[in-house]
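K.L.:
Below you will find the structure I want to go over with you.
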Amino acid sequence: MKAHEYILSKQITWALKQGIALIGSKGQRGRRTYASTLEQNLFEPLEPEVRNSFEQGDGNEINGNPDSPAKMQAVHSSSAMGVNIFQYWQKIGQVPEIAAACGFCGKGDNISQKIVFEDKYPVGGKRFRFAPNIDVVIHNSDSAKVRRFAVECKFTEAYSSHGHSGLKEEYLKLDHIWSDIPNLHSLAKSICPDDKKFFHLHPAQLIKHILGLKAHFGKEGFELLYFWYDFLGEEGATHEKEISTFTEIANADEIKFHALSVQELIIALSNEYRSDYPEYIQYISGRYL
């Protein structure tokens, strides 16, 4: 079975076990892979600030109707996965703990203050209509050397048959932003305008996040995590190799970039916090492991 179908089938099975009635992407039409309501697809309802972040985002993640459910209602939504895993730590005031679990900092470091979803860091002024939306961004104290811990979440997208876009040529025209990242610049040129090098990883998206974060905080002021869903099989192995390739290129330019699988994080959280937060651990383990 292909990775995309396997992961999707697991999520459908999870929903049915919870007694969640699934609908299609067009309500009564399309494959039934969407929860009837947004709340059914989440561990806890969206906090007001989180809801506002998604309403301000460009992805139209939470606005839907009975004939066209919101993107986040999809059981295979990476946005829903991000909310289910990260929002809880903001709610209970334990942001440093999830930052440490993600490998951004050591346990006991208290620089991390809040979690923002769909955060935007434009690059190139008004040259581009939309600024890339970063799935999850941990904001650190103003006195911290690293001001932002950013997370790009991937669930089924990396295993889709639809492919992904390359980097628009307009980005390469911004000469000033490439001078201190020559290796990423070379990669950017090789995937412009089409990406025929990577099958699962979407490097153009990661490069845009890096450019935006670098423009606002400098090379030393941010770290970027690729948070991906692993799959035991050829597709997962290829995905992991592509991640390693990109990591080497980014690190060669002294960009703080690393990857962590969803499964690795959940297992680590389970080992550390099962007795403290049993309902949360049971939910994310039962759904995403």
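K.L.:
If I ask for residues that are assigned to a loop (DSSP other than H, G, I, E, B) and closer than 16 Å to M72 by Cβ, which ones from region 1-23 would you list?
P.N.:
Taking region 1-23 as the starting set, the residues that turn out to be assigned to a loop (DSSP other than H, G, I, E, B) are 1-2, 18-21.
Once the filter is applied, which keeps residues that are assigned to a loop (DSSP other than H, G, I, E, B) and closer than 16 Å to M72 by Cβ, region 1-23 yields only I20.
K.L.:
Would you check if there is a residue in region 272-285 being outside any helix (DSSP H, G or I), closer than 25 Å to K17 by Cα and of a type in the set (F, W, Y)?
P.N.:
Looking for residues that are outside any helix (DSSP H, G or I), closer than 25 Å to K17 by Cα and of a type in the set (F, W, Y), one finds at least one in region 272-285, hence yes.
K.L.:
Output yes when any residue across region 193-209 is farther than 30 Å from Y6 by Cα and touching a Leu at 6+ places or on another chain (Cβ under 6 Å), and no when none is.
P.N.:
For region 193-209, residues farther than 30 Å from Y6 by Cα and touching a Leu at 6+ places or on another chain (Cβ under 6 Å): absent.
K.L.:
Sort out for me the helices (runs of 4 or more DSSP H) sitting completely within region 166-245 that have 2 or more residues that are farther than 16 Å from C153 by Cα, aliphatic (A, V, I, L, M) and touching a residue at least 24 places away in the same chain (Cβ under 8 Å).
P.N.:
Result: 182-190, 203-217.
This table checks each residue for (1) surrounded by 14 or more Cβ atoms within 10 Å (Cβ to Cβ); (2) of a type in the set (A, V, I, L, M); (3) within 16 Å of G124 (Cβ to Cβ).
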site	(1), (2), (3)
H164	yes, no, no
L174	yes, yes, yes
W178	yes, no, yes
A188	yes, yes, yes
D195	yes, no, no
F198	yes, no, no
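K.L.:
In addition: Among the residues of region 24-43, which ones are outside any loop (DSSP other than H, G, I, E, B), under 21 Å from Y288 (Cβ atoms) and either touching a strand residue (DSSP E or B) at 6+ places or on another chain (Cβ under 6 Å) or of a type in the set (K, R) (or both)? Spell out how you get there, then give the answer.
P.N.:
Here is the first cut: in region 24-43, the residues outside any loop (DSSP other than H, G, I, E, B) are 24, 26-27, 29, 34-35, 39-41.
Imposing the further condition that a residue be under 21 Å from Y288 (Cβ atoms) reduces the set to 34-35, 39-41.
Passing the criteria: Y34, N41.
K.L.:
Another question, then. Testing I181 on (1) modelled with pLDDT under 95; (2) in contact with a helix residue (DSSP H, G or I) (Cβ under 9 Å, 6 or more places away or on another chain); (3) farther than 20 Å from H239 by Cβ, one condition comes back false. Which one is that?
P.N.:
(1)
K.L.:
I would also like to ask the following. Among the candidates L269, L260, L265, single out the residue that is in a strand (DSSP E or B) and either more than 27 Å from I207 (Cα to Cα) or under 16 Å from the mean Cα position of the chain (by Cα) (or both).
P.N.:
Being in a strand (DSSP E or B) and either more than 27 Å from I207 (Cα to Cα) or under 16 Å from the mean Cα position of the chain (by Cα) (or both) holds for just one of L269, L260, L265, which is L260.
K.L.:
Taking the conditions exactly as written (surrounded by 15 or more Cβ atoms within 10 Å (Cβ to Cβ) and either free of Cβ contacts under 8 Å to residues at least 60 places away in the same chain or not in a helix (DSSP H, G or I) (or both)), does E248 satisfy them or not?
P.N.:
Spelling it out, it is not the case that E248 is surrounded by 15 or more Cβ atoms within 10 Å (Cβ to Cβ) and either free of Cβ contacts under 8 Å to residues at least 60 places away in the same chain or not in a helix (DSSP H, G or I) (or both).
K.L.:
Next question. Going by the conditions given, is L213 under 22 Å from Y121 (Cβ atoms), modelled with pLDDT of 95 or more and either of a type in the set (V, I, T) or in contact with a His (Cβ under 7 Å, 6 or more places away or on another chain) (or both)?
P.N.:
no
K.L.:
For region 10-48: of the residues being loosely packed, with under 14 Cβ neighbours inside 10 Å and under 22 Å from the mean Cα position of the chain (by Cα), which is farthest from I115 (Cα to Cα)?
P.N.:
That would be E39.
K.L.:
So which of E223, E254 ends up being surrounded by 22 or more Cβ atoms within 10 Å (Cβ to Cβ) and over 14 Å from L201 (Cα atoms)? So that I can check it myself, show each step before the final result.
P.N.:
Working: E254 fails: surrounded by 22 or more Cβ atoms within 10 Å (Cβ to Cβ).
The unique qualifying residue is E223.
K.L.:
Just to check your reading of the model, which residue among I243, I210 is closer than 14 Å to D180 by Cα and β-branched (V, I, T)?
P.N.:
Testing whether each residue is closer than 14 Å to D180 by Cα and β-branched (V, I, T) leaves just I210.
The values are calculated or read from the model by the stated rules, or taken from the named source; none is laboratory data. Since this is a predicted model, take the numbers as computed values, not measurements. Positions of Cβ are backbone-derived with ideal geometry, glycine not excepted, and every protein chain shown enters the neighbour counts.
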